[in-house]
Amino acid sequence: MATAVSPTQKTEDIQQNKMTSIKDLAESGGLASVPSEYTFASNPNDQADQNDPDHSMPTIDFSLLMSTSPDQRAEILHDLRKACEEWGFFMVTNHGIPESLMKNMIEVCQGFFNLPEEEKKVYQTRNLLDPIKCGTSFNVEIDKVLLWRDFLKVISHPLFHSLAKPEGYSEVSLEFSKRIREVATELLRAISETLELEADYIEKSMNWDQGLQILAANYYPACPDPEKAIGIPPHTDHGLVTILIQNDMGGLQVQHKGKWVNWNAIPNSLVVNLGDQMQILTNDKYKSVWHRAVVNNKAPRISIAVPHGPSLETVVVPAPELVEKQGRPPAYKGISYHDFLDLQQSAKCYMKPCLDEIRL
Ligand code: OGA
Ligand code: NI
């Protein structure tokens with residue numbers, strides 16, 4: 001029989017990188033409050049606005065993006081440009097990805113998080129670019145406060161990687177990653193057009209055929225005192241576009257016009273946001289938006305964020321065609337996506353805007 005481990009011992013273990021799971025800690029029973037290592041002091045002025053009527057989130061009907069009618073296409077590109085300029089976050093509906101596939105993907109990820117610690121431990125590594133990686137918090141070596149989430153990150157492109165367990169993970173994640181990447185490809189074509197560039201401009205300049213795609217599953221256990229903990233603190237995503245799905249527990253908040261807004265996703269829609277490489281490429285025209293994940297005291301939340309980036313070797317610079325049109329100098333020095341990822345993981349960028357490090 002296993003010996004009982006006290007909650008204090010468990011948080012010490014997490015900090016010393018001996019174990020992986022807040023799920024285990026939160027769901028083992030007997031945790032009446034948030035342990036001090038997880039206490040995240042958020043500023044009361046930073047609370048999300050619940051009912052701001054101005055905040056109607058943009059929705060892009062994907063089927064219209066595929067339309068062969070020039071008028072319809074022009075109209076949806078107009079909406080997409082506005083969504084990219086004003087929000088950097090939007091919902092995508094009618095995307096053609098079966099509801100059952102989205103549900104199955106969430107289920108197999110739940111299956112992974114349910115595996116016994118010993119089986120998950122083999123994937124506990126430090127390097128961001130290890131093909132399969134699981135853990136807790138963000139980077140337990142530099143985290144000052146531990147995050148109320150466990151994660152599983154699997155690289156699915158340019159090479160598809162997978163897990164033998166749980167059963168079904170391989171098949172489901174292969175199909176899911178392909179379908180999501182198809183949507184991402186179409187979105188990048190449309191985004192190129194909203195920038196008045198050739199439709200394949202981003203694909204070509206970012207070496208998209210070798211582009212990075214990561215299936216990043218987040219597990220946020222129910223939390224006894226949600227105000228005191230945080231799932232993921234404010235951050236921007238590193239890639240070009242991230243596509244996210246989630247179970248029916250909300251928790252995503254987005255910064256919009258200086259305020260935090262609860263993202264009330266339409267069921268079965270995809271949540272899309274622009275990342276840092278898009279901000280570099282567009283020379284600040286399209287911003288990488290700050291967002292965070294809060295936790296709740298009712299039920300576990302699972303989200304699957306799928307960041308898509310250039311190939312790792314691509315040196316991303318502001319697009320010369322845009323710089324010329326804008327009539328202002330490039331705002332960033334060129335950096336390979338690989339180096340950018342290393343920078344983002346470093347202590348230098350802990351809870352800070354990483355883009356500032358490469359701003360000219
Ligand atoms: C992320 C992220 C938000 C969420 O994984 O980068 O922002 O709602 N997740 O889980
Ligand atoms: Ni994110």
task = Would you check if there is a residue in segment 214-232 being among the aromatic types (Phe, Trp, Tyr), touching a Phe, Trp or Tyr at 6+ places or on another chain (Cβ under 7 Å) and within 16 Å of ligand 2 (Cβ to nearest atom)?
result = yes
ask   = Hey, any hits in segment 265-281 for a residue that's within 15 Å of ligand 2 (Cβ to nearest atom) and in a loop (DSSP other than H, G, I, E, B)?
value = yes
ask   = Name the residues in segment 195-243 that are farther than 18 Å from Phe40 by Cβ, away from ligand 1 (no atom under 12 Å from the Cβ), of a type in the set (Gly, Ala, Ser) and out of contact with any helix residue (DSSP H, G or I) (no Cβ under 6 Å at 6 or more places or on another chain), would you?
value = Ser205, Gly211
Which listed residue is at pLDDT 95 or above, within 15 Å of ligand 1 (Cβ to nearest atom) and under 29 Å from Glu196 (Cβ atoms), from Val289, Val295 = Val289
remark   = Restricting segment 66-86 to residues that are in contact with a Lys or Arg (Cβ under 9 Å, 6 or more places away or on another chain) and modelled with pLDDT of 95 or more, the one surrounded by the most Cβ atoms within 10 Å (Cβ to Cβ) turns out to be Cys84
remark   = The condition of being surrounded by 17 or more Cβ atoms within 10 Å (Cβ to Cβ), of a type in the set (A, V, I, L, M), touching a residue at least 40 places away in the same chain (Cβ under 8 Å) and touching a strand residue (DSSP E or B) at 6+ places or on another chain (Cβ under 6 Å) holds, among Ile266, Ile302, only for Ile302
message = If I filter segment 301-310 for residues that are within 16 Å of ligand 2 (Cβ to nearest atom), charged (D, E, K, R) and within 16 Å of Pro234 (Cα to Cα), do I get at least one hit?
response = no
task = Please work out which residue is nearest to Val183 (Cα to Cα), limiting yourself to segment 107-141 and to residues that are surrounded by fewer than 20 Cβ atoms within 10 Å (Cβ to Cβ) and β-branched (Val, Ile, Thr).
result = Ile132
remark   = Picking from Lys165, Lys133, the residue that is among the charged types (D, E, K, R) and under 30 Å from Asp339 (Cβ atoms) would be Lys133
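For every residue, the table says whether it meets (1) surrounded by fewer than 19 Cβ atoms within 10 Å (Cβ to Cβ); (2) touching a residue at least 60 places away in the same chain (Cβ under 8 Å).
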| position | (1), (2) |
| --- | --- |
| Leu244 | no, yes |
| Val254 | no, yes |
| Asn283 | no, no |
| Val294 | no, yes |
| Ser311 | yes, yes |
ask   = Under the condition of being basic (Lys, Arg) and part of a helix (DSSP H, G or I), which residue from segment 1-51 is modelled with the highest pLDDT?
value = Lys23
request  = Quick one: count up the residues across segment 191-236 that are part of a helix (DSSP H, G or I) and more than 24 Å from Ser311 (Cα to Cα).
outcome  = 3
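The values are calculated or read from the model by the stated rules, or taken from the named source; none is laboratory data. Small disclaimer: the values here were computed from a predicted structure and weren't measured. Here the Cβ is made from the backbone with ideal geometry for all residues, glycine too, and neighbour counts use every protein chain on show.
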